[in-house]
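Contents: one structure, followed by commentary.
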Amino acid sequence: MSPRTKSAGKHKTDEIFIPDKLYFRIGEVATLCRLPAYVLRFWESEFPQLKPVKSSTGQRMYRRRDVENVLRIKQLLYDQGFTIVGARQQLRSESKNDKGQGAIPFPGQSSAEIQRIRQGLREILNLLSTRRTG
């Protein structure tokens with residue numbers, strides 16, 4: 001084994017490729033993130049950011065954002081040495097920063113511009129309504 005292979009720790013999260021899918025089953029997430037499924041289930045109880053939806057058969061279905069959160073939690077706990085409480089606080093502060101950046105929709109639009117867009121949409125709606133009845 002080369003020194004490079006040895007130094008590449010099993011906890012590296014930067015190199016993981018997440019397939020372009022809508023949902024992942026817990027087994028797929030466990031394999032992708034190199035974690036046992038029981039760790040994922042435990043983290044769901046500890047981190048409010050992890051909320052996989054359940055299918056009609058009760059299977060946990062993780063979205064891409066959930067997988068990214070799992071990788072971030074793994075990085076905080078395993079690579080950076082955070083405790084669970086510390087990692088939870090770190091994630092909470094990161095999500096507050098993210099929300100603060102994109103909080104204002106249409107930042108470049110003036111009130112007059114928005115009114116003009118609304119009026120145009122109303123005119124389109126009126127055209128469609130008269131077509132349907134006529």
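Rule-based calculations on the coordinates, nothing more; no lab input. What you are looking at is a predicted structure, and each value in this text was computed from that prediction instead of being measured. Note that each Cβ is placed from the backbone with ideal geometry, even for glycine, and that neighbours are counted across all protein chains shown.
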Practice item. Check cross-link reach from K51 to the aspartates and glutamates: straight Cα distance under 15 Å, and skip same-chain residues fewer than eight apart. Key: D66, E68
**Study point:** Label-to-label distance, nm, for residues given as R34 and S56 (7 Å Cα→Cβ offset)
**Key:** 3.8 nm
Exercise for review: Starting from the eigenvalues of the Cα gyration tensor, five times each then square-rooted, give me the equivalent ellipsoid semi-axes of the stretch 9-95, largest first, whole Å.
Suggested key: 20, 15, 12
Practice item. Compute the label zone of F42 within the stretch 71-93: residues whose backbone N is under 14 Å from the point 7 Å along Cα-to-Cβ. Key: 74, 77-78, 83-85
